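The values are calculated or read from the model by the stated rules, or taken from the named source; none is laboratory data. Only a predicted model underlies this, so the values are computations on that prediction, with no experimental measurement involved. For neighbour counting, all protein chains shown are included, and Cβ atoms are generated from backbone atoms with ideal geometry for every residue, glycine included.
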Amino acid sequence: MKSDHQFRIRSRFLFALLAAFILTAPGPAKVFGQAGWTDEQFEQWVFQQYGNSATARTKLKDSLELYTEDVDQTCGLSEEQKRKLRLAGQGDIERFFRKYRKIKEHFQTIRNDAQKVNEIWQQISPLQTEMTTGLFHQDSLLQKCLVNTINRKQFLDYMKVGEERRRFHHESNIAVILTMLDQASPVTAMQRKQLADLLRLETKPPRKSGQYDYYAMMHQASKIDDKKYQAILDDIQWQVFNNQLAQMRGMEQWLKQSGILSDDDDDELLLPDEQVAAE
């Protein structure tokens, strides 16, 4: 009886923690009320904390400049290389705003229909995700330009720093998972080490880092064989942690729709063919 009581208390605590994470997710919010929404309201839906398209564009331009400076510090870019990167990044920004304008034009035709305005959230959600996770991901024009602009030494320097950052974020995400479990059902120092080793072995950092790394990491953790966890955790600890993993399994479709997970997470950033051939 005491064991069941502890499990229920710990489970309720865990679900409260999970709720705090889930409520911050950019899920498809509903728009209730009268029809006749304005362009200003539409911009607030899309750009959220930035409020409008002008502020968001400025933010993206600042991000591009910071990104270029960061690569320059790592690789030592020439002025011509920096010019090409900025031009490619501006192309990514314009591509984003072309998608935004297309959705906005559709919104303007249905703004007086409350039901259809609700449906437009399906189109807005990917834009919100891009603003949150960043435009300059692996499939961006900027990244494609980068690998075709820098030389091999610069590329290797860039990849080395990138891998170090990814490992740091990976360790941080592992620590978050272990803290969540420990708060809900305390683990021993040995169990914590064994779980950390298991997660390092069975998961990897996402190619595109962002504020929703926790979700991507937990999704990977949910794919690990249950028996490997059960060999480390006692029955109560496993029940608590398994409930947490089950929440992530149920969110897989949302994670993919939101762009947090993709089918090409295993893709590597490769040197251009001519650079490989030159070796």
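Just one of Ala54, Ala88 is under 26 Å from Thr149 (Cα atoms) and among the aliphatic types (A, V, I, L, M); which is it?
Just a single option satisfies the conditions, and that option is Ala88.
Keeping to the stretch 209-263, report how many residues are among the charged types (D, E, K, R), at pLDDT below 90 and in a helix (DSSP H, G or I).
4
May I ask you to list pairs of residues, at least six apart or on different chains, whose Cβ atoms are under 6 Å apart, with the first in the stretch 238-255 being free of Cβ contacts under 8 Å to residues at least 60 places away in the same chain and the second being exposed (fewer than 15 other Cβ atoms within 10 Å of the Cβ)?
Filtered contacts from the stretch 238-255: Trp238/Gln230.
Can you confirm whether Gln138 is within 19 Å of Gly162 (Cα to Cα) and not in a helix (DSSP H, G or I)?
yes
Here are some residues: Gln128, Gln138, Gln143. Which one is in the same structural domain as Gln44 (by TED's automatic domain parsing), in contact (Cβ under 8 Å) with a residue 40 or more places away in the chain and within 18 Å of Gly76 (Cα to Cα)?
Gln143
Cβ-Cβ below 8 Å, separation at least six or inter-chain, first residue in the stretch 100-115 and among the aliphatic types (A, V, I, L, M), second at pLDDT 85 or above: which pairs?
Close Cβ pairs (under 8 Å, with a partner that is at pLDDT 85 or above) amount to Ile103/Val46; Ile103/Gln123; Ile103/Ile124; Ile103/Leu127.
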